[in-house]
Amino acid sequence: MINAGPITSQTGDAILVGRSVSNSGTIRAANGTAGLVAGDQMVLQPVGGDGRIAISGGKGSVTNSGTVK
């Protein structure tokens, strides 16, 4: 997953997920969570009743030269 531009979420989360994640752009989630997650085996599962998920995974790589807010 490569992001080199703007990603904006006004009402939720903005999470980049992949085996290798690179961000040189801007990721914003004013009313949620912005993040980068990498792994070679991912498990996504619901957490509580609020629509959020938990992510767990094996080895991966994250490179961030941009902005994550």
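Read-outs: derived from the displayed coordinates by stated rules, not from any lab. Predicted model only: the values in this text are computed from it and were never measured. In this analysis, Cβ positions are derived from the backbone assuming ideal geometry, glycine residues included, and neighbour counts consider all displayed protein chains.
Odds and ends about this structure:
- Just so you know, in the range 22-40 the residues that are over 15 Å from Ile7 (Cα atoms) and in contact with a Lys or Arg (Cβ under 9 Å, 6 or more places away or on another chain) include one that is surrounded by the fewest Cβ atoms within 10 Å (Cβ to Cβ), and it is Asp40.
- Some residue of the range 43-57 being more than 24 Å from Thr11 (Cβ to Cβ) and either in contact with a Lys or Arg (Cβ under 8 Å, 6 or more places away or on another chain) or of a type in the set (Asp, Glu) (or both): no
- Under the condition of being among the β-branched types (Val, Ile, Thr) and over 12 Å from the mean Cα position of the chain (by Cα), the residues counted in the range 9-25 number 1.
- Scope the range 41-60; condition surrounded by 12 or more Cβ atoms within 10 Å (Cβ to Cβ) and closer than 22 Å to Ser24 by Cα; matching residues: Gly60
- Scoring Thr33 on the criteria (1) more than 10 Å from the chain's Cα centre (by Cα); (2) free of Cβ contacts under 8 Å to residues at least 40 places away in the same chain leaves a single failure, condition (1).
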